[in-house]
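The values are calculated or read from the model by the stated rules, or taken from the named source; none is laboratory data. All values reported here derive from a predicted model rather than from experimental measurement. No Cβ is skipped: glycine too gets one built from the backbone with ideal geometry, and neighbour counts run over all protein chains shown. Surface accessibility is based on the protein's heavy atoms, side chains included, excluding ligands, DNA and RNA. Shrake-Rupley method; radii C 1.70, N 1.55, O 1.52, S 1.80 Å.
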Amino acid sequence: MDPDLAVDPRLAPVQESFDGALRTHRRKLQDRKDTKDDGFMAVVYINDQPVDIGSERLNLIQAAQKAGVFIPHYCWHPALSVVASCRMCLVEVGEKKPDGTIAMQPRVVPACQTPAKDATVCLTNSEKAKNAQANTLESLLLNHPLDCPVCDKAGECKLQDFSYGFGHSTSRMVDPKNTPPNKPDIGERISLFTDRCIMCSRCVRFTREISGSAELMVSNRGHHSEIDIFPGEPVNNKLAGNVVDLCPVGALANKDFLYKQRVWFLKTQASVCAGCSTGCSIQVDHNKDVVHRIRPRENPLAQGQFICDEGRFDYAYVNGAERFDRPLSGQAFLPAGAAGQQEYLPLEPMTWENAIPAVRGELAKAAKENGAALAGVISPMLTVEEAFLFAKFIKGLSSDARLYLGWVPRVGKDEQFPQDRHGNPLGAVKFTIRAEKCPNRRGVEEVLKHFQGEVLGFDQMLTDAARLEALYLTAAYPPRLGAWLTDEQTQTLARIPLLVVQDLAPTPISERARFVLPAATFAEKDGCFVNHANLAQQLHRAVRPGAIGRTEGQIFLNLLDRRGLIQAKAVREELAREVPFFAALDGNLGEFGVKLS
Amino acid sequence: MPDFEPILLKRINAKADPGLDAYRADGGYRALTKTLGDMTPAQVVETVKASGLRGRGGAGFPCGLKWTFLPKEHPGPIYLCVNADESEPCTFNNRILMEHDPHQVLEGILLACYATRASVAYVYIRYEYGAAFRAMQKAIDELYANNLLGTNILGKDFSLDVYLHRGAGAYICGEETGLIESLEGKRGWPRIKPPFPAVEGAFRKPTVVNNIETLACVTHVIDRGADWLKTIGIPPDPKNPRDAGSYGPKLYCISGHVNHPCCVELPLGVTVRELVDKHGGGVWKGRKAKGCIPGGISMGLMTEAEFDTPLDFNGPGKVGCLGLGTAAVTVFDETTSIVDVLYNICRFFAHESCGQCTPCREGTGWMMKMMDRMRRGQGRQEDLDILDEVAKSIGIMPGTTICGLADGAGWPVKNAIAKFRPELETYIKGGQKTTMSLALAGVH
């Protein structure tokens, strides 16, 4: 688990907000646990179905989940405090007495607020509970505009889903609905469709409890209640995009995604964010090889429930038109009559059939002449599998060749949340955006250690550049990070006679390369990243890397003269066999990944 | 029954000086001196418990019992919150107590704090009560100057600070946890329970919330003893094991269509008819009454035929009302349209619902819209059934809301439909319209 997450994010809200009842319950559990060696087992009855919840601290929504029974809810969210205000999760509750009789409470209760205790009986499908749920839905729809045809959320809207599942088919209201004005400028990237809001207050609690910036509030009273911001203080915190995911209806919209795609056209692939070394689990929503949206994927081992806005919104480069989609070759020449400064011809496209043997041949030639003058730079943007293949390739050319860790981008300091508006920390850390803006430094370092016993940094490579004859430079940094080589460094590297650059898009150094090979982004490849805390997580290919593009893994495989298409799993198994550090990666890494040590 | 000798209103009726010296001259702070001298906090709690004093704020919860819910040997501070956010329409007894005899209330606060070991008392006064705020502040200043507040009161090991806090005009801040939230500077949204305030209340510390009138009664219970209180009012109904009895004097507010709107102190259990005819001077303009609101509008409606119901903690429930409430009787005469009454009530609750729980937020607004439409002559017969269903399904009693506001919003609607349905039906059928402006409906 992430050491910065002092409390498991899934348990934090439960711990904080169950207040007295849960604490008493927990104390009782503890007491009983202490007196019994075998541990105390609590059994809850959901619709007469017994569920053993062990000594877990759950509410009835979670306990019902264990029984495979879904209790509809809006305001409750596992990472946020319990307010029990939407009244969607109303159920009937009772207690099974030791003599087998059941005493039910006369009133319905919200399941989110009711701790699952031993012998609790919970009815989610009784006439009373169903009626209460249907009444709540009717209430929620009284002032809801029902503009699903033009709503971005349609298709993944909880109000739609629950209305179908638990609601009435008609509304009895004939009076005009309230029509509060929309607030398109509630945030730089967030828009509020005020009339669609069901006042679950998840967004308000998120800004208060997770981001800490507390921009959102509820204004007005009664059926005129609205989500609002303080004048001139829009929701622009670095986690703001999460309120859109939290919104169970279409009230809060992501302006970046607004009106772009109907969600039922989207396909979803589990992946890992390449934005920083936290390595958040994400979902990549794509259609026809275009990435349309990035959303967080819950992972208690990595980041918890959320992602930052950098990771969420910085994906445009994946779909960028300026990217390399085929290998290129370059040529340097000395202009006639001029002294010294060499110039470059425009890069010429090559076919893969020509490019692979050419690159392999030239590098092999250089290695043969002077192995120690050949170097490879492994970017921390590469997956572990790719780094492994690349290292194998370079070291295969000459055991004297050197491998360096690519440039490790760092921007500012680690940012921890919740933090107040002045950046001061507020309580236990619930989310961290790391300064190290690459996903796989740890993985590449371990590969380097395996192949040459030490990790040589990028600065070391720049120092050594003067005596290099051939350099294979991998990069693939997202354009957000800007120019990563100074002009001086570019000049230094450009002097190397055989320079192979592998990058996403043209840069000054690629203009001066002998060969340019296209690189792929996180959305286009399979493999795994190892985050700052040695958690190896699997990413899956969502889109294809251009019409004739190949991923780095495929290119390295071809350079190694192995046949076929890249199979990340096969490479990973090979890696696990050969490198002890990665031994645990043998097989599937599962939803949450595998912790390496 | 011989005329009842007022106790709480004794000095007020005599137009006595509200200052400290005059209050002391009339025997004030005798109870405090006695208590600090030779009673332990536990004994004070026991006395109040034995007296059967029930909270005067509306719910009628036994006061002494509430105090016993506080954790024993709590290491941190305990707070007393005094609910002076008297926002139930037609209720004005706390205001009279605070404006004209603040020391009687403050003595009760001191005694309650001694009993509960509270070190700070916050008096949450509704914003509209400026005069009450000033009178209380003046009295508090006098107490500090005379070592009756502050550290080591009267030289004993008892310290207390009292702070006045003015609300900002929200009905919901009279709900005990809404009050606590508001006191903490937050939006007045009632909290989910548990934890109850006695375990975790203001600033997450054990807290007791008591009404002004309850605390005024505490003063006299300690002064005159637990048995004295039991000589006034009505003993428990032996047929109802859950009835804790209705002991003590109660300030009844009489308003609406009566000749002499007033606040009178009478033993619990007086009937509405006695209040209206004897103390309110009868219905105005020689008309007959159509009905009344027995204890603040959230308690429901009573018809004229039910006026013989005794107003104790048990009585109104027998005729379908929610309870005694604040015992503020508002009479409406025979010319009043029940549609206007209901509309006005619904408008109030739609305006005052805090908006936290869906059923109340949307239900109160819906009921208001329906009543508005009905009032404009576009009502439908089925609206009555919808109103009745909504009224019955919202609230803490069916379990669909966090606090009791929605019960209060639903009760008068439910009562009106049960008790005045023919009139409502006639109104709808006849296509009647009310052209009276909203503002005028509001002053009914």
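If you go through region A:275-294 and keep only what is in contact with a Phe, Trp or Tyr (Cβ under 7 Å, 6 or more places away or on another chain) and open to solvent by 10 Å² or more (accessible area, probe 1.4 Å), you end up with A:Asn287, A:His292, A:Arg293.
Within region A:81-119, being open to solvent by 10 Å² or more (accessible area, probe 1.4 Å) and away from chain B (no Cβ under 14 Å) holds for A:Glu95, A:Lys96, A:Lys97, A:Pro98, A:Asp99, A:Gly100, A:Thr101, A:Ile102, A:Ala103, A:Asp118, A:Ala119. Mind listing just one residue for me: the one in region A:563-591 that is among the charged types (D, E, K, R) and surrounded by 14 or more Cβ atoms within 10 Å (Cβ to Cβ) and, of those, nearest to A:Val444 (Cα to Cα)? Filtering region A:563-591 for residues that are among the charged types (D, E, K, R) and surrounded by 14 or more Cβ atoms within 10 Å (Cβ to Cβ), the one nearest to A:Val444 (Cα to Cα) comes out as A:Arg572.
Conditions tested, residue by residue: (1) in the same structural domain as A:Cys247 (by TED's automatic domain parsing); (2) small (Gly, Ala, Ser); (3) farther than 28 Å from A:Asn242 by Cβ; (4) at pLDDT 95 or above.
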position: A:Phe40; (1), (2), (3), (4): no, no, yes, no
position: A:Gln49; (1), (2), (3), (4): no, no, yes, no
position: A:Glu56; (1), (2), (3), (4): no, no, no, no
position: A:Ile61; (1), (2), (3), (4): no, no, no, yes
position: A:Phe70; (1), (2), (3), (4): no, no, no, yes
position: A:Trp76; (1), (2), (3), (4): no, no, no, yes
position: A:Cys89; (1), (2), (3), (4): no, no, no, yes
position: A:Lys97; (1), (2), (3), (4): no, no, yes, no
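Yes/no matrix, rows are residues, columns are (1) part of a helix (DSSP H, G or I); (2) in contact with a Ser or Thr (Cβ under 6 Å, 6 or more places away or on another chain):
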residue	(1), (2)
B:Gln104	yes, yes
B:Ile109	yes, no
B:Tyr122	no, no
B:Ala139	yes, no
B:Asp157	no, no
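Being closer than 17 Å to B:Ala59 by Cα and either crowded, with 24+ Cβ neighbours inside 10 Å or of a type in the set (D, E, K, R) (or both) is the filter here; which residues of region B:219-248 pass it? Passing the criteria: B:Arg242, B:Asp243, B:Ser246, B:Tyr247, B:Gly248. Residues that are in contact (Cβ under 8 Å) with a residue 40 or more places away in the chain and within 16 Å of B:Arg224 (Cβ to Cβ) were ranked within region B:50-81; the one that is most open to solvent (accessible area, probe 1.4 Å) is B:Ala50. Restricting B:Leu405, B:Leu384 to those that are more than 9 Å from chain A (Cβ to nearest Cβ), of a type in the set (A, V, I, L, M) and surrounded by fewer than 24 Cβ atoms within 10 Å (Cβ to Cβ) reduces the list to B:Leu384.
Here region B:353-368 is the region considered, the condition is being at the interface with chain A (Cβ under 7 Å from one of its Cβ atoms) and assigned to a helix (DSSP H, G or I), and the residue that is surrounded by the fewest Cβ atoms within 10 Å (Cβ to Cβ) is B:Trp366.
If you go through region A:242-272 and keep only what is part of a loop (DSSP other than H, G, I, E, B) and either open to solvent by less than 20 Å² (accessible area, probe 1.4 Å) or of a type in the set (Gly, Ala, Ser) (or both), you end up with A:Cys247, A:Pro248, A:Val249, A:Gly250, A:Ala251, A:Phe257.
Taken together, A:Met350, A:Met381 contain a single residue that is among the aliphatic types (A, V, I, L, M), modelled with pLDDT of 90 or more and closer than 20 Å to A:Gly527 by Cβ, which is A:Met381. Residues in region A:136-182 that are closer than 26 Å to B:Ile402 by Cβ, open to solvent by 70 Å² or more (accessible area, probe 1.4 Å) and within 32 Å of the chain's Cα centre (by Cα): A:Lys158, A:Asp161.
Annotation note: Cβ proximity below 9 Å between a residue of region A:321-341 that is open to solvent by 100 Å² or more (accessible area, probe 1.4 Å) and a residue that is at pLDDT below 90 and charged (D, E, K, R) (sequence gap 6+ or interchain) occurs for A:Leu334/A:Glu343. Within region A:532-549, residues that are under 16 Å from A:Met381 (Cα atoms) sit with their Cβ atoms under 9 Å from residues that are of a type in the set (Ser, Thr, Tyr) and open to solvent by 50 Å² or more (accessible area, probe 1.4 Å), at 6+ positions apart or across chains, in these pairs: A:Asn534/A:Ser597. Looking at the structure I just gave you, is B:Leu80 outside any loop (DSSP other than H, G, I, E, B) and under 26 Å from B:Leu324 (Cα atoms)? Yes.
Which ranges mark the strands (runs of 3 or more DSSP E) fully within region B:249-341 that have 1 or more residues being of a type outside the set (Val, Ile, Thr) and crowded, with 24+ Cβ neighbours inside 10 Å?
So the answer is B:249-256, B:289-293, B:328-333.
If you go through region B:165-219 and pick out every residue that is part of a strand (DSSP E or B) and in contact (Cβ under 8 Å) with a residue 60 or more places away in the chain, you end up with 5. The numbered conditions (1) at pLDDT 95 or above; (2) over 13 Å from A:Gln538 (Cβ atoms); (3) crowded, with 24+ Cβ neighbours inside 10 Å are all true for A:Gln303 except (1). Among the residues of region A:434-462, those that are touching a Lys or Arg at 6+ places or on another chain (Cβ under 8 Å), open to solvent by 20 Å² or more (accessible area, probe 1.4 Å) and without any contact (Cβ under 8 Å) to a residue 60 or more places away in the chain comprise A:Gln452, A:Val455. Scanning region B:136-148 for residues that are more than 18 Å from B:Tyr124 (Cβ to Cβ) and aliphatic (A, V, I, L, M), which turns out most open to solvent (accessible area, probe 1.4 Å)? Going through the qualifying residues, I end up with B:Ala145.
Of all residues in region B:388-399, those that are over 16 Å from A:Gly222 (Cβ atoms) and within 11 Å of chain A (Cβ to nearest Cβ) total 7.
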